[in-house]
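What follows is a single structure, written as structure tokens, with notes after it.
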Amino acid sequence: MKIAVIGSGYVGLVTGTCLAENGNEVLCVDIDNNKVEQMKAGIVPIYEPHLDVLFERNIEAGRLSFTTDLNEGLDFGEVIFLALPTPENGDGSADLKYVLSVAEEIGKYITSYKVIVDKSTVPVGTAERVRATIAKACKTEFDVVSNPEFLREGFAVDDFLKPERIVIGSSSARATEVMQRLYQPFVRSGNPILIMDEKSAELTKYASNSFLATKITFMNEIANYCEKVGADVDKVRIGMGTDSRIGKRFLFPGIGYGGSCFPKDVKALHKSGKDINYDFKILDAVVQVNDKQKTILYPKISSFFDDDLKGKTIAIWGLAFKPETDDIREAPALYMIDKFLEAGAHVKAFDPEAMENVKQKYGDQIALGKDMYDVTKGADALLICTEWSIFRTPDYKRLKSNLRNPIIFDGRNLYPVLELAKEGIHYISIGRQN
Ligand code: UGA
């Protein structure tokens with residue numbers, strides 16, 4: 001099939017590349033000339049494991065190409081994916097200006113039947129709005145379908161190539177047939193392609209992300225409670241997770257969820273409820289608890305230093321909002337850095353992939369180290385914000401001799417409490433007895 005993907009951000013690039021990998025011809029469109037030039041030169045503009053190999057292979061095979069010209073994309077694709085940003089408005093709602101302005105262009109330009117696919121995470125009713133916007137000027141037949149993505153950063157290629165489910169919201173048999181043909185090769189394992197109405201498909205995405213964010217937040221509250229009553233959240237987590245109705249995944253407590261999806265989507269669903277006088281109380285609580293959770297370790301760190309962090313140096317391991325990404329959007333590490341700087345402390349940080357992004361945000365307000373041990377030299381304490389694999393089995397002796405005080409504050413519960421006690425390291429984690 002010939003496919004155009006409008007918007008070469010994280011979702012658009014993964015979608016375009018993986019569709020090409022399955023034998024389709026894909027043209028990716030983006031307004032950013034620099035990015036398009038980079039991609040034409042074979043450079044992937046984001047960090048996403050395994051994407052580079054597929055990217056190169058499909059460019060070489062002539063199945064994946066790039067342009068800044070929207071009309072070229074509209075001519076090229078029988079299926080047009082909209083993978084455009086839907087940033088958060090000041091009131092928490094999703095801003096549809098990019099999606100609707102491209103829809104307007106589509107309406108003015110297309111002259112033959114196209115399936116327009118909403119891939120961006122959009123509020124319920126957006127497919128209808130996109131359809132109405134295109135229809136205003138359109139002289140040919142077209143269909144709009146909703147096809148939300150369920151890609152995790154860091155695992156996006158695998159998630160796309162082997163999806164647990166494909167959700168398609170469509171009210172047209174013709175468009176449904178095209179979408180089924182496109183996705184059939186990805187679900188040979190027997191995983192379902194779920195066809196539903198557009199509104200239900202749009203809501204499936206928001207409900208899934210909001211549910212997962214709620215699950216994590218619930219566990220964070222249980223962890224905080226464990227600390228107060230002398231229980232161990234690891235044991236509680238395993239005790240709960242073995243009930244298949246609950247499941248083992250997404251029960252890991254920590255210093256809050258971040259990223260470009262959960263925070264934005266929970267707020268957007270809450271706001272869209274508010275707009276129709278429906279008060280999503282649970283989502284309101286999730287946002288509040290998560291904001292608090294991001295700084296839950298701060299009072300403990302501060303009180304360890306008698307509430308005087310001025311001049312102290314805090315080493316931080318992990319800056320990305322989660323491992324296997326360079327994405328720092330809404331990352332808990334940033335909230336902690338802001339707190340430390342406010343208190344007059346120095347920060348020395350290390351992350352395997354996210355340091356360039358952090359440098360752009362903080363400049364020389366914080367120091368970045370060349371490796372994980374480098375930042376601990378002479379530091380007064382170590383704080384762990386992201387559970388990258390390389391942090392899981394550190395050389396404790398080396399750490400102890402580097403740190404001025406042998407203390408680790410762990411926002412991701414990486415180490416067994418007893419092991420650290422044996423090593424003579426003071427260890428404070430989340431929801432466990434230290
Ligand atoms: C999330 C969803 O998992 C994807 O299905 C969805 O497609 C994507 O958003 C999106 O809407 O585009 P992602 O934001 O990449 O994916 O990251 P997750 O792996 O879901 O993690 C989100 C946050 O939750 C991270 O900050 C992570 O550290 C935190 N988390 C996750 C926990 O604190 N505890 C857990 O047990 C799991």
Hits in segment 327-364 - residues which are surrounded by fewer than 24 Cβ atoms within 10 Å (Cβ to Cβ), within 16 Å of the ligand (Cβ to nearest atom) and over 21 Å from ILE46 (Cβ atoms): TYR335
Scan of segment 5-35 for residues that are in a strand (DSSP E or B), out of contact with any Cys (no Cβ under 8 Å at 6 or more places or on another chain) and buried (at least 21 other Cβ atoms within 10 Å of the Cβ), ordered by number: ILE6, VAL26, LEU27, CYS28, VAL29
Any hit, segment 195-207, residues being within 14 Å of the ligand (Cβ to nearest atom), under 21 Å from CYS261 (Cβ atoms) and among the polar types (S, T, N, Q): yes
Residues that are away from the ligand (no atom under 16 Å from the Cβ) and within 16 Å of PRO323 (Cβ to Cβ), drawn from segment 365-414: MET372, ILE390, THR393, PRO394
Residues being more than 16 Å from the ligand (Cβ to nearest atom) and crowded, with 16+ Cβ neighbours inside 10 Å - total across segment 308-321: 5
Yes/no for GLU324 being over 24 Å from ILE428 (Cα atoms), within 16 Å of the ligand (Cβ to nearest atom) and outside any helix (DSSP H, G or I): yes
Some residue of segment 275-290 being within 16 Å of the ligand (Cβ to nearest atom), part of a helix (DSSP H, G or I) and of a type in the set (Asp, Glu): no
Scan of segment 356-392 for residues that are β-branched (Val, Ile, Thr) and either under 23 Å from SER302 (Cα atoms) or touching an Asp or Glu at 6+ places or on another chain (Cβ under 8 Å) (or both), ordered by number: VAL358, ILE366, VAL375, THR376, ILE384, THR386
Matching residues in segment 215-249 - criterion: being within 13 Å of the ligand (Cβ to nearest atom) and touching a residue at least 12 places away in the same chain (Cβ under 8 Å): LYS215, ILE216, THR217, MET219, ASN220, GLU221, ILE222, ALA223, VAL233, ASP234, ARG237
Hits in segment 293-307 - residues which are in contact (Cβ under 8 Å) with a residue 12 or more places away in the chain and either out of contact with any Leu (no Cβ under 9 Å at 6 or more places or on another chain) or surrounded by fewer than 17 Cβ atoms within 10 Å (Cβ to Cβ) (or both): GLN293, THR295, ILE296, TYR298, LYS300, PHE304, PHE305
Residues that are of a type in the set (D, E, K, R), surrounded by 14 or more Cβ atoms within 10 Å (Cβ to Cβ) and assigned to a loop (DSSP other than H, G, I, E, B), drawn from segment 80-115: ASP95
Single residue of segment 267-286 satisfying the filter (surrounded by fewer than 17 Cβ atoms within 10 Å (Cβ to Cβ) and either touching a strand residue (DSSP E or B) at 6+ places or on another chain (Cβ under 9 Å) or of a type in the set (Val, Ile, Thr) (or both)) that is nearest to ILE222 (Cα to Cα): ILE282
Any hit, segment 138-151, residues being out of contact with any Ser or Thr (no Cβ under 9 Å at 6 or more places or on another chain), assigned to a helix (DSSP H, G or I) and not aromatic (Phe, Trp, Tyr): no
Which numbered condition ILE316 fails, given (1) within 22 Å of TYR415 (Cβ to Cβ); (2) among the β-branched types (Val, Ile, Thr); (3) part of a helix (DSSP H, G or I): (3)
Hits in segment 124-149 - residues which are within 12 Å of the ligand (Cβ to nearest atom) and either over 28 Å from ASN22 (Cα atoms) or out of contact with any strand residue (DSSP E or B) (no Cβ under 8 Å at 6 or more places or on another chain) (or both): GLU149
Looking only at segment 187-241, and only at residues there that are among the small types (Gly, Ala, Ser) and assigned to a loop (DSSP other than H, G, I, E, B), the one that is nearest to VAL167 (Cα to Cα): GLY190
Which listed residue, of LEU414, LEU399, LEU420, is over 19 Å from ILE337 (Cα atoms), in a loop (DSSP other than H, G, I, E, B) and touching a residue at least 24 places away in the same chain (Cβ under 8 Å): LEU414
Residue count, segment 250-266 (criterion: over 16 Å from ILE282 (Cα atoms), surrounded by 17 or more Cβ atoms within 10 Å (Cβ to Cβ), near the ligand (Cβ under 7 Å from one of its atoms) and hydrophobic (A, V, I, L, M, F, W, C)): 3
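Just so you know, all these numbers are worked out from the coordinates, no wet-lab data involved. The structure presented is a predicted model; accordingly, all values stated were derived computationally and were not measured. Because the Cβ atoms are built from the backbone with ideal geometry, glycine has one as well, and the counts that use them run over all protein chains shown.
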